[in-house]
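Asks: Here it is, the structure in full.
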Amino acid sequence: MTPKQEDNHETDQSPPAPIALCGTEQPDVVGRTLTAGPTSVEFDNGQLRYLKVNGIEVLRAVAFLVRDENWGTYVPALSNLKVEQRADGFSVSYQAVCKRGSQEIAYDATIEGRADGSLEFRPALRHRRRISSPRALASSCCIRSKAWSAMRVEVEHVDGKVEKSKFPARVNPIQPFLHIRAR
């Protein structure tokens, strides 16, 4: 590198465009579009992305996530994937394994999209092996879109109590609702 090239390199503090836009250099893959009545989603490696109702995005993602001890997200290896698009909706089923070294979590998932636009995502843990950290856990995750700001919500908690509230107007890293059973 010449001194001039070296100077330009040192003064260029801008991150690469993928890092600046998405926080990762992993390309954003376009998933398979599935529809059920007024609802459309992109299915990508076990998760639903860009959930839209009548063309308006209402959820950014719905996924079953497995986290490592540092809260990193495992990328599941899918097998036995079956995707069926019908005139009245769609169904997806698969088996997934999240593995690193001797640590492993395996689960089955089914997803149903119905003609009325409703969705059901049902993951079921098959087994886990040598998960050594309390942060290595499996959870369902929904990432909301801006359309949910201040929207009313009812949450049924594991103790059976129903909480009536609103989604926060601003996205906050703190979970707005805990111990959720239904709604």
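Asks: For H179, H127, which order do you get if you count the other beta carbons within 10 Å of each Cβ and list the fewest first?
Replies: Details: H179 12, H127 9.
By the 10 Å Cβ count, ascending, the order reads H127, H179.
Asks: Please compute, for the alpha-carbon atoms of the range 21-128, the extent along each of the three principal axes and give them in descending order in Å.
Replies: The Cα atoms of the range 21-128 stretch 43, 35, 17 Å along their principal axes.
Asks: Now, a different point. Apply the Karplus parameterisation 6.51 cos²θ - 1.76 cosθ + 1.60, with θ equal to phi minus 60°, to every residue of the range 107-115 and state each ³J(HN,Hα) to the nearest whole Hz, in sequence, with x for glycine and proline.
Replies: Per residue, the Karplus-derived 3J(HN,Hα) values read 8, 10, 9, 10, 10, 10, x, 10, 4 Hz.
Asks: Tally Lys/Arg at +1 and Asp/Glu at -1 over every other residue whose Cβ is under 13 Å from the Cβ of D88; what's the total?
Replies: Here the count lands on -1.
Readers should treat all values here as calculations from the given coordinates under stated rules, not as data from a laboratory. Keep in mind the model is a prediction, meaning the values are calculated, not measured. In this analysis, Cβ positions are derived from the backbone assuming ideal geometry, glycine residues included, and neighbour counts consider all displayed protein chains.
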